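Reading through the structure tokens given below for one structure.
The values are calculated or read from the model by the stated rules, or taken from the named source; none is laboratory data. Everything numeric here is computed off the predicted structure, so don't read it as measured data. Every residue, glycine as well, gets a Cβ built from its backbone with ideal geometry; the counts of neighbours run over all protein chains shown. Accessible surface is based on the protein model in full, side chains and every heavy atom, while ligands, DNA and RNA are left aside. Shrake-Rupley method; radii C 1.70, N 1.55, O 1.52, S 1.80 Å.
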Amino acid sequence: MSSMTQYLRTRFMPHIWCPGCGHGIVLSGLLRAIDALGLEKNDIVIVSGIGCSSRLQGYVDFHTMHTLHGRALAFATGVKFGRPELKIIVPMGDGDALAIGGNHFIHAARRNIDLTAIVMNNNIYGMTGGQFSPMTDTGKKATTAPDGTIDRPFDTVSIATAAGATFIARTTTYHVHQMIQILKKAIVHRGFSVVEILSQCPTYYGRKNNAGSAVDMMNWFKDNTYKLGTKTAEEAGEMKALGIFIEKDEPEYCDRYKTIIQKVGSP
Amino acid sequence: MPDSPIRFLQGNEVLADAALYAGLKFFAGYPITPSTETAERLSYLLPRVGGKFIQMEDELSSMCAIIGASLTGLKAMTATSGPGFSLMQEAIGYAVMAEIPCVIADVQRGGPSTGLPTRVSQGDVMQARWGTHGDHSIITLTASNHQDMFTMTVEAFNLAETFRTPVILLFDEVLAHMREKVTIPEKDEIPIVDRLVTSVPRGTDYHPYFPREDGRLPMSDFGGSHRYNVTGLFHDMWGFPTDKPDVVNELMHHLVNKIENRVSIIQRYKEYHIDDAETLLISYGSAARSARHIMEDRRKVGMNIGMLELQTLWPFPRQLVQEKTKNAKYIVVVEMNMGQIENEVRASVNHSDSVYLANRVDGQLITPTDIKNFLRIIHGRGI
């Protein structure tokens, strides 16, 4: 394996992430996946939204675009449809992907446009200082839920499934080898792929909910997850399944448009 | 039958055809009355001329998609009406900040809110100017007939490329839905400004926000030869976020001055009988059709009346308006809102107490008779 620094814009570091943040592990996993696939830097576009997760884009030496809160997939759709030969990866936070950007998430999935959506789910709005997100479990505390949130959380995998995504997986920052393997498959997959990565925010989520240090939170991922298909629903209880939930071939959006152009376009 | 350049088209169709003439290659939009026919026509035409059409899930994403596509090197546009235009505002600000050429057509209907979806208005003039947050400048063009709609649409694409900025086409329901004759210009009859592409070779550092000597910023197709960063944050010449006060200050002045210092280049207008005009009508869009009609009519009975038709609304041509109104005793702004351009005219002229508003805001086109009645009151001749 070659050095990962070749993919980094080191002169724009230090990065903004807090000590113990899981997002650096996601960045590392993503670069290792890209490296293992042997992709050219010039063929990769990173389009991000707004939030802690979305700063990932600035540190990598690809074509990079830092957009608006919730709209990363909409911008990415324009880039991809405009230039379908590019590999487009869209790192988002949980709020970015499923609160303000929820509509774009389901419609990108419905179209099956070839984007790789990475949902870096730390169950909290970190950039603004620790408010609850649509991924915060009921009863958990946040700066806007001092008595525990009464909201119910989304399940990324269920939403992506219902919306028609053709590749759906979940992993965590503890399971880095699995993360790299999943990201490799997601990037290669032709169609809309969703990778939810459970990531720890010791600074806000951890402190508000007495979840301990970053290491404690990663151990929690280890102890409260299981490999998809190894437990019945009854055995799993509150534990989350990890792995690839859906991986299927269906016509991709830009390919479908190409067939229209071939049918009606001037020779 | 020979292929005649003369067409009998609906305004929304003119917009579509003119955009293709200007080099449109990408349209993203969401249906909304009274602009939908543009999307319908382009959904048919674009794949037939090597372009792309996508119907997005809302106006927020439509605006974002055209920015993404424009960045890859394609001339891109969306079309909408008031409520959709409101939803696009945040991303329009992104295009201003990241300096990405694109064209947004707002076919005005009655507002606020859902308002009068099928009726005419000119109530979005200030939304075009200040709809997105923060200090900025923007170019906004309009027209009063289909031939001028064609020209202004092509101009909008040209100005977007020249100044690396979003340009707004502010049309209205009457123009968009009526049909009239339009002569399609020959190829190259209206010059086309293409994307200014950097001459920096592949493998050499390219600075997306480093101006040439003439102040223009050559682009590099996103996803192509050069890897760089684009952001809506204040940024340096690399496109990297910064909050250094001197860099922020310089970028803010650049974004505003690149347009405000070039008003004389950007301003488009028409004038009729200005020299002897004691009464000067100032109008734009479909209201200018009625204004011109009553001007011709009143001149026949000996009234010294002239007209200034504005085609560039933003940046507002203050010096032009001051110059053209200096001999007029009565300056009458004819528009279909509560005085959005009247306020600009008032701020531009030497004697603001000689400025009057002749308006209509009930969803109906202001008629020549309406204007005639205003003139009787303004001239002190009763109703």
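Sort through A:I106, A:I118 and tell me the only one that's in a strand (DSSP E or B) and within 15 Å of the chain's Cα centre (by Cα). Write out each step before concluding.
Values: A:I106 fails: in a strand (DSSP E or B).
Answer to the selection: A:I118.
Checking the condition within 10 Å of chain A (Cβ to nearest Cβ), of a type outside the set (G, A, S) and in contact with a Ser or Thr (Cβ under 6 Å, 6 or more places away or on another chain), which residue from B:I66, B:I54 passes?
Result: B:I66 is the single residue among B:I66, B:I54 that is within 10 Å of chain A (Cβ to nearest Cβ), of a type outside the set (G, A, S) and in contact with a Ser or Thr (Cβ under 6 Å, 6 or more places away or on another chain).
Please go through the stretch B:289-324 and pick out each residue that is in contact with a His (Cβ under 9 Å, 6 or more places away or on another chain) and open to solvent by less than 10 Å² (accessible area, probe 1.4 Å).
B:M295, B:I305, B:G306, B:M307
Hey, B:F157 hits all of (1) of a type outside the set (K, R); (2) open to solvent by 20 Å² or more (accessible area, probe 1.4 Å); (3) over 30 Å from B:G363 (Cβ atoms) but one; which does it fall short on?
(2)
Of the residues that sit in the stretch A:205-237 and are out of contact with any Gly (no Cβ under 8 Å at 6 or more places or on another chain) and in a strand (DSSP E or B), which one is nearest to A:C18 (Cα to Cα)?
Among them, the one singled out is A:T225.
Select from the stretch A:48-66 the residues that are within 7 Å of another protein chain (Cβ to nearest Cβ) and either assigned to a helix (DSSP H, G or I) or of a type in the set (S, T, N, Q) (or both) and write down the one among them that is surrounded by the fewest Cβ atoms within 10 Å (Cβ to Cβ).
Applying the filter and picking the extreme gives A:G58.
Taking the stretch A:69-100 as the region of interest, how many residues are part of a helix (DSSP H, G or I), more than 10 Å from chain B (Cβ to nearest Cβ) and in contact with a helix residue (DSSP H, G or I) (Cβ under 9 Å, 6 or more places away or on another chain)?
4
When the stretch A:192-221 is examined, which residues are found to be within 27 Å of A:I106 (Cα to Cα) and touching a strand residue (DSSP E or B) at 6+ places or on another chain (Cβ under 8 Å)?
First, the residues of the stretch A:192-221 that are within 27 Å of A:I106 (Cα to Cα): A:192-201, A:205, A:221.
Of everything in the stretch A:192-221, those that are within 27 Å of A:I106 (Cα to Cα) and touching a strand residue (DSSP E or B) at 6+ places or on another chain (Cβ under 8 Å) turn out to be A:F192, A:S193, A:V194, A:V195, A:E196, A:I197, A:L198, A:S199, A:C201, A:Y205, A:F221.
Restricting attention to strands (runs of 3 or more DSSP E) lying wholly within the stretch B:1-114, give those where 3 or more residues are in contact (Cβ under 8 Å) with a residue 12 or more places away in the chain, open to solvent by 20 Å² or more (accessible area, probe 1.4 Å) and farther than 20 Å from A:N103 by Cβ.
By residue number, B:6-10.
Go through the stretch B:105-131 and count every residue that is under 14 Å from B:I168 (Cα atoms) and either of a type in the set (K, R) or within 14 Å of another protein chain (Cβ to nearest Cβ) (or both).
1
Need the failing condition index for A:L27 against (1) in contact (Cβ under 8 Å) with a residue 60 or more places away in the chain; (2) more than 9 Å from chain B (Cβ to nearest Cβ); (3) part of a helix (DSSP H, G or I), just the number.
(1)
Picking from A:A214, A:A241, which residue would you name as being in contact with a Cys (Cβ under 8 Å, 6 or more places away or on another chain) and aliphatic (A, V, I, L, M)?
Among A:A214, A:A241, only A:A214 is in contact with a Cys (Cβ under 8 Å, 6 or more places away or on another chain) and aliphatic (A, V, I, L, M).
Working only within the stretch B:4-48, note down all residues that are within 15 Å of B:M77 (Cβ to Cβ) and either modelled with pLDDT under 95 or of a type in the set (K, R) (or both).
B:K25, B:R41
Between A:N103, A:N112, which is within 14 Å of chain B (Cβ to nearest Cβ) and free of Cβ contacts under 8 Å to residues at least 12 places away in the same chain? Full working, then the answer.
Numbers: A:N112 fails: free of Cβ contacts under 8 Å to residues at least 12 places away in the same chain.
Being within 14 Å of chain B (Cβ to nearest Cβ) and free of Cβ contacts under 8 Å to residues at least 12 places away in the same chain holds for just one of A:N103, A:N112, which is A:N103.
When you scan the stretch B:200-249, how many residues do you find that are touching a Lys or Arg at 6+ places or on another chain (Cβ under 7 Å), buried (at least 17 other Cβ atoms within 10 Å of the Cβ) and modelled with pLDDT under 95?
Final tally of qualifying residues: 2.
Rundown of residues vs (1) farther than 26 Å from A:L37 by Cβ; (2) touching a strand residue (DSSP E or B) at 6+ places or on another chain (Cβ under 9 Å); (3) among the acidic types (D, E), yes/no style:
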residue	(1), (2), (3)
A:L86	no, yes, no
A:V90	no, yes, no
A:G129	yes, no, no
A:T136	yes, yes, no
A:T171	no, yes, no
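Would you be able to say whether some residue in the stretch A:169-181 is at pLDDT 95 or above, open to solvent by 40 Å² or more (accessible area, probe 1.4 Å) and outside any helix (DSSP H, G or I)?
yes
Scan the stretch B:356-373 and give yes if some residue there is in a helix (DSSP H, G or I) and farther than 26 Å from B:E173 by Cα, otherwise no.
No, that holds for no residue.
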